[in-house]
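Here the structure comes first, spelled out in structure tokens, and everything after it is commentary.
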Amino acid sequence: MVDTLNLVVITGMSGAGKTVAMQSFEDLGYFCVDNMPPSLLPKFWELVKESGKVTKIALVIDLRSRAFYDQMDEMLANLDNTNFVTTKILFLDASNEELVSRYKETRRAHPLAMEGRLLDGIVKERRLLSEIKNRSQLIVDTSNLTPRQLREEIFDNFKSAETQTFHVEVMSFGFKYGVPIDADIVMDVRFLPNPYYVPEFKKLTGLNQAVYDYVMQQPATEDFYERFSSMLHVIMPGYEKEGKTSLTIAIGCTGGQHRSVAIAERLGKDLGQHYPVETSHRDMNKRKETVNRS
């Protein structure tokens, strides 16, 4: 059982950015539900309470379904009477001119103007939403915001101190098996001396301490590593600021068993002092004795 559930109700004008908002809350670790019928909410709360695993929920409720929206006041009143749900309402707004422009650009139909003028539908929706807007704890005007700026606004208001929204994947690989298609940064370390040609290291990997030490003690290794590491520390805050949630750094050698594994291990531990990091070795066990050149 959880003591308290943090609920954010995302609502507002159609076209004001609710989809971007929901995606942002997903990145913040919220369990997101889009337009759940209020009649299902009591059962939903019971399931959440019994699971004890969900503590942050974001519900998107708008006028795409009038029948559901008309019940929102009752739903919010019921939540206010509970002792296990803390509710905040996020209302997304935008000027009439901007909403018209967005609908014209996407060529979508406004939910209240399916057969009439677009502007009339927007005006009607604004009138219907006036009460819930007045009840909202946070109102964000997205008229002049880009999707990234809206995301930053949500993060600023709802990101908790323990929430990690940016993490790093450090991966070793072998070029003989192809470059990882999901890599953001690829570094080739085939210029380093190859432990494969040292008989006692041939069948080992970069996880072995002797192989690791062999790679790190090469004169070229330390100079390369310091420069590469320094570059990453310069550019990674920029990736995070631009709203990127993950960064995959791929370190490659020929077979992906010696040099790349050792460098990836060291890099993962170093970056782990500043970011959540997961280190993996894609090709470390794909050994082909007749052609292996790591």
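The values are calculated or read from the model by the stated rules, or taken from the named source; none is laboratory data. Keep in mind the model is a prediction, meaning the values are calculated, not measured. Ideal geometry is used to build each Cβ from the backbone, glycine not excepted, and the neighbour counts take in all protein chains shown. What goes into the accessible areas is simple: the full protein's heavy atoms, side chains included, and nothing from ligands, DNA or RNA. Shrake-Rupley method; radii C 1.70, N 1.55, O 1.52, S 1.80 Å.
Assuming R0 = 41 Å, can you tell me the calculated FRET efficiency for the pair Arg127 and Ser39, based on Cβ-Cβ distance, to the nearest 0.05? Calculated value: 0.95. Counting only protein heavy atoms and a probe of 1.4 Å, the accessible surface of the chain is 49% carbon and sulfur.
In this structure, the amide hydrogen of His167, modeled 1.01 Å from its nitrogen in the peptide plane, lies closer than 5 angstrom to those of Ser246, Leu247, counting only residues at least 5 positions away or on a different chain.
An oblate overall shape is assigned to segment 5-54, the ratio a/c of its alpha-carbon gyration tensor axes (a ≥ b ≥ c) being 1.5 or greater and a/b not exceeding b/c.
Placing pseudo-labels 7 Å out from each Cα toward the beta carbon at Tyr197 and Met231 gives an inter-label distance of 2.5 nm.
Amide H contacts for Asp283 (H built 1.01 Å from N in the peptide plane; partners 5 or more residues away or on another chain; cut-off under 5 Å): Gly174. DSSP beta bridges confined to the chain are antiparallel in about 0 percent of cases.
Suppose we flag GluC sites (Glu not before Pro) only when DSSP calls them loop and at most 16 other Cβ atoms lie within 10 Å. Which is the longest uninterrupted stretch of the chain? Within the chain, the longest run free of exposed GluC sites (Glu not before Pro) spans 1-114. The residues of the chain have, on average, 52 Å² of accessible surface per residue, using a 1.4 Å probe with all protein chains present.
With a ≥ b ≥ c taken as the square roots of the eigenvalues of the C-alpha gyration tensor of the chain, please select rounded if a/c is under 1.5 and otherwise prolate if a/b is larger than b/c or oblate if it is not?
It comes out prolate by the Cα gyration axes.
Inter-label distance, Gln273 to Thr245: 2.9 nm, where each label sits 7 Å from its Cα along the C-beta direction.
Taking the 0 to 90 degree range and rounding to the nearest ten, how far is the long axis of helix 41-51 tilted relative to the main principal axis of the chain, both from C-alpha atoms? It works out to around 30 degrees. Backbone amide hydrogens, once placed in the peptide plane, bring Val85 within less than 5 Å of Leu5, excluding anything fewer than 5 places away on its chain. For Val215, the shell of other residues with beta-carbons less than 11 Å away shows a net charge of -1, using +1 for Lys and Arg and -1 for Asp and Glu.
In this calculation the C-beta distance from Ser143 to Ile181 is compared with R0 = 30 Å, giving a FRET efficiency of 0.20. Between Ser51 and Met114, the C-beta separation translates, for a Förster distance of 51 Å, into a calculated FRET efficiency of about 0.85.
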